Amino acid sequence: MRLGVFGGTFDPIHIGHLVAAQNAMHAAKLDRVLFIVANQPWQKEGTREVTDAHLRYLVVTQVLESIPGLDASDIEIRRGGLSYSVDTLIELNTAHPDYELFLVVGADAALQMPTWERAEELSRLARLVIVNRYGYPTIDNVLDFDEPILAEMPWLDISSTDLRERVRDHRPLQFLLPETAIDAIEVHSLYRGDEVIN
Ligand code: ATP
Ligand code: MG
């Protein structure tokens, strides 16, 4: 089993995530991609209110239900506390010693990786797949990863940050994220008063 490990806050999940995962799967010949929903994303500490992890996970699960090869994982929510990819890879490796793990990141996340918790351990736990992201250079020398796999996707200037601003400003969401996610935003009145906390 070649398993993609795609971490994120998914607040909310959008088309950029889905296209990134599909193209990572293609480029690295992955059997499946796990969307790992962060419990507490440490990068976002103190910057804004993150939606309840169980609700983000529920929406990701509902969206991925109908998409072959993509699965939602609550491994970081069950672990609790701050979410570090290194702990997730160790846990997956222990549970499935026979799987080959591929850490899937967008180019913006790839640039941040040297600041991640115990970053130096990552390259012995997984191979790296980098997907291009609008507005960021795609680097191919990350930490001491040996030949990261570069997955190409169409430039989609879609981010959860922009979608939250769209909700707040009553601008259209249609086609930028799955209908299921739009419905969940409506039902749970998410992002209405999203403000940056400093
Ligand atoms: P936010 O704006 O809140 O940071 P986001 O859109 O960046 O949200 P995340 O949950 O932070 O979404 O990202 C999860 C992963 O998906 C990261 O590796 C990120 O680089 C990747 N990703 C998100 N959107 C895109 C996109 N439009 N194109 C390529 N990769 C993406
Ligand atoms: Mg992000």
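Every number here is computed from the coordinates shown, using simple stated rules; none is lab data. Since we're looking at a predicted model, the values are computed, not measured. Every residue, glycine as well, gets a Cβ built from its backbone with ideal geometry; the counts of neighbours run over all protein chains shown.
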Length released on extending from W42 to E147, taking residue separation times 0.36 nm less the Cα-Cα span: 35.1 nm
Can you list residues from other chains, or at least 5 along the same chain, whose modelled amide H is less than 5 Å from the amide H of V129? L103, V104, V105, I149
Report the gain in length on full extension from L58 to Y134: 0.36 nm times residue separation, minus Cα-Cα distance, nm rounded to one decimal. 24.6 nm
Efficiency by 1/(1 + (r/R0)^6): what FRET value for S66 and E186, r their Cβ-Cβ distance, R0 = 22 Å, to the nearest 0.05? 0.70
In whole Hz, with x marking every Gly and Pro, tabulate ³J(HN,Hα) for segment 115-125 from phi via Karplus 6.51 cos²θ - 1.76 cosθ + 1.60, θ = phi - 60°. 8, 5, 4, 6, 4, 5, 8, 4, 6, 8, 9
In nanometres, the difference between 0.36 nm per residue of separation and the alpha-carbon distance of M1 and R168 is 55.9 nm
Rh by Kirkwood over Cα pairs, then Stokes-Einstein D for segment 85-198 at 1.567 mPa s and 4 °C, µm²/s: 78
Mind checking which of H17, I36, L163 is farthest towards the positive end of segment 2-187's charge dipole, using Cβ charges of +1 (Lys, Arg) and -1 (Asp, Glu) about the Cα centre? L163
Calculate for the chain the 222 nm mean residue ellipticity that helices alone would give, adding -39,500 (n - 2.57) per DSSP H run of length 4 or more and normalising by residue count, nearest 500 deg cm²/dmol. -9500 deg cm²/dmol
Sorted peptide list for 146-155, 6-15, criterion being average Cβ within 10 angstrom, highest first: 6-15, 146-155
For segment 2-187, the dipole about the Cα centre with charges only on Cβ (Lys and Arg +1, Asp and Glu -1), to the nearest 20 debye, works out at 160
Which whole-number value in Å³ per residue fits the convex hull of the alpha carbons of the chain? 117
Under 5 Å between amide hydrogens, which residues at least 5 positions from G8 or on another chain qualify, with H placed 1.01 Å from N in the peptide plane? I36, A38
Karplus 3J(HN,Hα) series, Hz, for segment 139-150 with 6.51 cos²θ - 1.76 cosθ + 1.60 (x for Gly, Pro): 9, 10, 10, 10, 6, 10, 5, 8, 6, x, 8, 9
